[in-house]
Each structure stands twice: as C-alpha cells, then as structure tokens.
Amino acid sequence: MLTRRQFLLTASVAPFLQKKEQIITIDGAIRPQQIGKTLIHEHLLVDFIGADKISADRWSREEVLKTVLPYLLEVKKQGVKTLLDCTPAFLGRDVHLLKLASQKSGLQILTNTGYYGAVDNKYLPKWAFTETAEQLADRWTTEFEKGIDGTDVRPGFIKIGVNPGPLSELHRKLVRAAGLTHLRTGLTICSHTGPALAAFEEIEELQRTGVHPSAFVWVHAQGESNKNLYTKAAQMGAWVSLDGMGWGDFENYASWIDLLKSNRLLHRVLISHDAGWYKPGETNGGNFVGFTAIFEKVLPILRQKGFTQNDFDQLLIRNPAEAFQIRVRKT
Ligand SMILES: [Zn+2]
C-alpha cells in the first residue's frame, strides 16, 4: 500500500514523466504556454552572511513581504506572469517566503536546486567540499523528486555558481553535479559565471558529462567584454543570459541584444534585471532595486532599433518557455 507521501509523489511526478513539455513552479507543473511574460533572473531576498552562519530566523517573512510585495505588484502591472527566483540554498533560498509572495502577488515563481561556488566558496556547505559529484547530484535530484526543506515545493531549474575561471577542481565538480542532475531530471542549468573563459569551460565539462549546451544558461554573460563570444556560445546552442538590467548600462544591453539579433541568434537570448532584494541585517532590508527597467528603459531603445512586439515576445515569453522546459538534452 502507498503511504500518503508516496501517493502524492506518484501523483505529482507521474504526469510529467508521461507528458513532456512542462515547467515546474513552486506550485507545481504548468505547460510552457502558461509561462507568459517572464523575468528569468531576479531575487526576493539574498543574505550574504555565509553558509556557516545562515539561517531563516535571520529574517521575518512578514517584514520581507512588506518590502517585496509592492515591487512584485509593480512588475505584474507590466504584464509579467512568471519570475525565477535565483537565490540559491545557503544564500537565502526560502520556499516558504516564495510561496507567500506568489500567493499575495499572483505571480508564478520558480525556485532552484544546486550550490553556489562563486565568491571563493563562501556559500558552500561543508559537505560540498568532500562529497563526489554523484553525491551532490543525489541531493539535488532528491529535492526535485521529494521537495525542498520538507515541503512539496520542487525546483524548476538548477542554479550553481563558479569563479571567473579557469575553473578550480571544486567548481568543475559542481558543474559535473549539475550535469548529472540534469540527465536525471531534465532541469536546465543556470550558472553564475560572468566571463567567457569560465562559460566555455563549463560547456566543455557538461559535454564530457553527456549534456548538450542547450541545457546551459550562461548567467551574467554581460561580464564578458568580447561580445563575439556571445555568438559563439549561442551557435553551440547555449543560452546567453544578459541579466543585469536592473543596474543601468541600458544602451549597451540594447546594442548587445541587437548584435545577437543581427546574427539571427535572438532565439538563444535571455534577459532579466538581477534586481531586488531584501538584505537581512540591514534596516528595512536595505535598498531595493525594482524589476521594471527592462520595460521602462531597455525595450524603448530596442524599439528605436527596429525591434518588434514579436521580438519582445521572443525574449520575454518564448525563450523562457523553451529554456526552462523539463527536458533532458544529451550531447
Ligand atoms: Zn543573481
């Protein structure tokens, strides 16, 4: 006989094993065509205290919501339906907070599994140093199959982070663990990366693990100054994520997107603000950067460059729908 938990698992996992083309929000699976206008890289809360000191009682969910909710409602007015919260475990990932934020705002939210090795491993739990890639992949796959932190909330993507490169052995291991998790779950891999040196090493490591570049999102690609390398990565099938638009530099972002469009690679581009976020330990969570610069600043510049509504839908709806579908992508 099935226990209630096993029944729920079977009930929640079986449908997407049969039907492909699903996206996993914190409230369960949706069809890709339900994703709507999507911001693929934002943060509700980030706590930079470090993996050894972090704990959810460093913030009050009520207080955080008071700060965050107006920004979520503001972005909803821009027609946004879905937001990917890119805060990893040990940096403040809080699925209870995300649930409340989703309920109160009506936005669909995705969360993640994986570990963030960037900033010299300050946000890695101690077992990340000693366990094998397979063991880490087991942990991340378990979150996908059983839920996060004792809840039924499942990750909708993998989020890891690496230093700018060349990659250390430890960071290569994180990439391999992400690759193995992808092969088991079909979750897309977002990696905080920056420069192309690290991005191409990650793509290579994933290919060695058997994962196609189309399962990889080159996060913070704006950190690479040689813009021709966007073309190279996109031609390999990787997603180029230009995701710092909350922080200015709008003309440049628009010209990089325009370059990719002129190379017929707009279908490999993801855009977002990397904005937010409530900072535990600061008065009222510190300064919060909203999620609207794309609509208010960047799209008008692109419109002047001849971008159409169809191009905007590609960037904000169709590409996220394609990028974050649960689907194993092998080499
Ligand atoms: Zn971020």
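Brief remarks on what is shown
- Inter-part distance, region 134-171 to region 74-116, computed on C-alpha centroids, equals 17 Å.
- The residue 169 and residue 255 beta-carbon pair, evaluated with R₀ = 35 Å, returns a calculated FRET efficiency of approximately 0.40.
- The 3J(HN,Hα) values that the Karplus relation (6.51, -1.76, 1.60; θ = phi - 60°) gives for region 158-172 are, in residue order, 9, 10, 10, x, 10, 5, x, x, x, 5, 6, 4, 4, 6, 4 Hz. Gly and Pro appear as x.
- Sorting 311, 138, 52 by accessible area puts them as 52, 138, 311; the probe is 1.4 Å, largest comes first, and only protein heavy atoms count.
- Computed lengthening from residue 142 to residue 308, 0.36 nm per intervening residue step minus Cα-Cα distance: 55.5 nm
- Mean Cβ count within 10 Å, highest first, over the residues of peptides 186-192, 106-112, 86-92: 186-192, 86-92, 106-112
- To the nearest 10, the accessible area of residue 123 is 10 Å² with a 1.4 Å probe.
- Projected label points at residue 48 and residue 151, each 7 Å from Cα along the beta carbon direction, are separated by 2.5 nanometres.
- Cross-link pairs exceeding 22 Å in C-alpha to C-alpha distance, out of 53/173; 227/261; 122/330; 37/99; 122/146, comprise 53/173; 122/330; 122/146.
- Normalised contact order of the chain, rounded percent, pairs of Cα under 8 Å and 6 or more residues apart: 21 percent
- Between residue 327 and residue 263, full extension at 0.36 nm per residue minus the direct alpha carbon distance yields a gain of 20.4 nm.
- Between residue 197 and residue 27, the simple label model (points 7 Å from Cα in the Cβ direction) yields a spacing of 4.5 nm.
- Residues 312, 129, sorted by accessible area with the largest first, give 129, 312 [1.4 Å probe; ligands and nucleic acids excluded].
- Residue 303 contributes an accessible area of around 130 Å² to the protein surface, as traced by a 1.4 Å probe with all chains present.
- One quarter of the convex hull surface built on the alpha carbon atoms of region 148-200 amounts to 4.2 nm², the projected area averaged over directions.
- For region 138-174, backbone nitrogen atoms closer than 17 Å to the point 7 Å from residue 232 Cα along Cα-to-C-beta are found at 164-167.
- Mean accessible surface per residue for region 143-207, computed with a 1.4 Å probe while every protein chain stays in place, in Å²: 29 Å²
- Carbon plus sulfur fraction of accessible area for the chain, probe 1.4 Å, in percent: 51 percent
- Counting only protein heavy atoms and a 1.4 Å probe, region 35-138 has 40 square angstrom of accessible area per residue.
- In angstrom, the C-alpha Rg and Dmax of the chain are 18.6, 63.
The values are calculated or read from the model by the stated rules, or taken from the named source; none is laboratory data. Fair warning: this is a prediction, and the values are worked out from it, not measured in the lab. A quick note on method: Cβ atoms are made from the backbone with ideal geometry, for glycine too, and the neighbour counts reach across all protein chains shown. Each accessible area value is taken on the protein alone, full model and side chains, heavy atoms only, with ligands, DNA and RNA left out. Shrake-Rupley method; radii C 1.70, N 1.55, O 1.52, S 1.80 Å.
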